[in-house]
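A short worksheet on the structure shown next.
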Amino acid sequence: MTIRNLPNGISRRGVLKGASALGAASLILPAGVRPASAEPKKGGILRVGMGHGSTSDSLDPGSWDNAYSQVFATARHNNLTEIAADGSLAPEIAESWEASADAMTWTFTIRQGVTFHSGKDLTPEDVVASINYHRGEESTSAAKPIVENITDIKIDGQNVVISLNGGNADFPFIMSDYHIPIMPAVDGKIDPTSTDGCGPYVVDKFDPGVEALLTRNPNYWKSDRAHFDGIVLLPIVDAAARQNALMSGEVDVIDRVDLNTVHLLQRAPNIKILSVSGTQHYTFIMDSRADPFTDNNVRMAVKHAVNREELVEKILNGYGVVGNDHPIGRSNRFHADDLEQRTYDPDKAKFYLREAGMDSLSLTLSASEAAFGGAVDAAVLISESAAAAGITVEVSREPADGYWSNVWMQKPFVASYWGGRPTEDWMFSTAYASGAPWNESYWEHEGFNKLLVEARSELDEAKRREMYVEMQRLVRDEGSTVIPMFANYVMAHTDAVATPEQIGANWTMDGFRAIERWWFA
């Protein structure tokens, strides 16, 4: 390979009956809508600089924990379903699906004529093995919580029939999770270290923390996708280095634009800013098992000591909105619109400290740019605002490399980020349910976990809304996570890069699918 210059309004019936009813619906609004681009054309090597990636990155789909891994994954793999750019659910390896009346049994019809990069035909057996990899007591996959309600998977001709232990009206959305790509099976099992996939690009080289090189899959079944001849995917965690790489022409696209210097890119010739709003949120996690965070009064004191408006203004430069200490975005269909917005209130923070039997509090907050752009500056601002409440916060600047293995979920008070999820159940099950591998604050709440199970199988939309609103309240008032802001996805690219009219806002980089959907003008 030659490298060039090194939804609201969606019906339950629509979900249950499959993709055909979902084309005009959206669970994630608003997505980025852009002026119409010319028709896609093939050619060129796309060079992408991403603000993520580490030497500890793995090919194991259950371990993908940053956007570099996730973009790399969607470059080489497909899933049963896909979140379309407008937020609707679209068919991918499953060309259609059907549910029983109680949403406990789902039948997915597997697309024929799809081959893996190795030349092997994709079969229902591959689908079963790919899902089963994330199940079972021995599984350490981050997707384990969202598939643990599967009780049985069987093959019926070209169909895969999945039985659940309770109704789940959102189940087809779960099958789009980037942790659950369809991989080739041998003797009923996948090889989690394999690069073999059925997606748009074939892996030529993967050097964790350094680069990934890919070339177009000549046999890709989507004729209207995969326009580049090849991909160079570079982890450039330092924001200044990433921005300089774009301005100097070393890369064509970057994500996580440094909002403190976005004005420099706006003035640069031949550079375009791409900003879309979705479910991405920035968090500060308190380990609920570690003192003093075992006391909810302390957690509430910290939450009231954070100046959210200041963080949105100074860290996001207005590219986002304030958060309310729960992870459900305003575009999610069951967002708790009437839940009182928490604001900066040092007096309330002092009140909760007194309830905890304290006059003052000293904490260490670990942060790194690996968590999100501006994370260290955000930690400093929190330190300054918390001082007025009698809370001393020492900021510990952590190294970017290894942050997700050595700091996140290891130290008691740390910065983190989430891309959010298309459904409430998916978000809560991944990061707040008891025992979830990515329950980053180790929060345990019996009432919340009971509601989570009940809401998943509740088919009455009004009752479901009540349950999810109550769960948002519980996380806000009893949870162990500060969620002060929801951030737009802000990317930049040269004017040589063309994009579709609508950009996916479910995750960064066009829902992780820029490599598949974009092209050179």
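The values are calculated or read from the model by the stated rules, or taken from the named source; none is laboratory data. Since the model is a prediction, treat every value here as computed from it, not as a measurement. Cβ coordinates were reconstructed from backbone atoms using ideal geometry, including for glycine residues, and neighbour counts include every protein chain displayed.
So here's what we get for this one:
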item	result
Residues satisfying the stated conditions in the stretch 480-493, i.e. assigned to a strand (DSSP E or B) and either at pLDDT below 95 or hydrophobic (A, V, I, L, M, F, W, C) (or both)	Val482, Ile483, Met485, Phe486, Ala487, Tyr489, Val490, Met491, Ala492
Odd one out for Thr499, checked against (1) in contact with an Asp or Glu (Cβ under 6 Å, 6 or more places away or on another chain); (2) closer than 28 Å to Val48 by Cβ	(1)
Given (1) modelled with pLDDT under 95; (2) not assigned by TED's automatic domain parsing to the domain that holds Leu311, number of the condition Val453 does not satisfy	(2)
Residue check for Ser385: outside the structural domain of Asp170 (by TED's automatic domain parsing), closer than 21 Å to His326 by Cα, of a type outside the set (A, V, I, L, M, F, W, C) and in contact with a Pro (Cβ under 6 Å, 6 or more places away or on another chain)	no
Among (1) within 19 Å of Pro484 (Cα to Cα); (2) within 19 Å of the chain's Cα centre (by Cα) - the single one Pro422 does not satisfy	(1)
Residue within the stretch 307-323 that is out of contact with any helix residue (DSSP H, G or I) (no Cβ under 8 Å at 6 or more places or on another chain), surrounded by fewer than 20 Cβ atoms within 10 Å (Cβ to Cβ) and β-branched (Val, Ile, Thr) present	no
Members of the stretch 155-187 found to be surrounded by fewer than 20 Cβ atoms within 10 Å (Cβ to Cβ), at negative phi and at pLDDT 95 or above, listed by number	Ile155, Asp156, Gln158, Asn159, Val161, Ser163, Val186
Qualifying position, being touching a Lys or Arg at 6+ places or on another chain (Cβ under 9 Å) and either modelled with pLDDT of 95 or more or not aromatic (Phe, Trp, Tyr) (or both), among His134, His77	His134
Set Asp121, Asp126, Asp152: member being out of contact with any helix residue (DSSP H, G or I) (no Cβ under 9 Å at 6 or more places or on another chain) and either buried (at least 18 other Cβ atoms within 10 Å of the Cβ) or among the small types (Gly, Ala, Ser) (or both)	Asp126
Selection within the stretch 327-364 - surrounded by 19 or more Cβ atoms within 10 Å (Cβ to Cβ), within 23 Å of the chain's Cα centre (by Cα) and either of a type outside the set (Val, Ile, Thr) or on the phi > 0 side of the Ramachandran plot (or both)	Pro327, Gly329, Ser331, Asn332, Arg333, Phe334, His335, Ala336
Any pair with Cβ under 9 angstrom, 6 or more apart, that starts in the stretch 455-479 at a residue that is outside any helix (DSSP H, G or I) and ends at one that is among the polar types (S, T, N, Q) and crowded, with 16+ Cβ neighbours inside 10 Å	Gly479/Ser288; Gly479/Asn296; Gly479/Ser441
Filtered residues of the stretch 211-245 (kept if among the polar types (S, T, N, Q) and either surrounded by 18 or more Cβ atoms within 10 Å (Cβ to Cβ) or not in a helix (DSSP H, G or I) (or both))	Thr215, Asn217, Asn219, Ser223, Gln243
Within the stretch 257-286, considering residues that are more than 16 Å from His493 (Cβ to Cβ) and of a type in the set (A, V, I, L, M), the one surrounded by the fewest Cβ atoms within 10 Å (Cβ to Cβ)	Leu259
Strands (runs of 3 or more DSSP E) wholly inside the stretch 124-207 containing at least 1 residues that are out of contact with any strand residue (DSSP E or B) (no Cβ under 7 Å at 6 or more places or on another chain) and over 26 Å from Trp507 (Cα atoms)	150-156
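Every residue, every condition in (1) modelled with pLDDT of 95 or more; (2) out of contact with any helix residue (DSSP H, G or I) (no Cβ under 9 Å at 6 or more places or on another chain); (3) basic (Lys, Arg); (4) not in a loop (DSSP other than H, G, I, E, B), yes or no:
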| position | (1), (2), (3), (4) |
| --- | --- |
| Glu394 | yes, no, no, yes |
| Ala400 | no, yes, no, no |
| Gln410 | yes, yes, no, no |
| Arg421 | no, no, yes, no |
| Asp425 | no, no, no, yes |
| Thr430 | no, no, no, yes |
| Ala433 | yes, no, no, no |
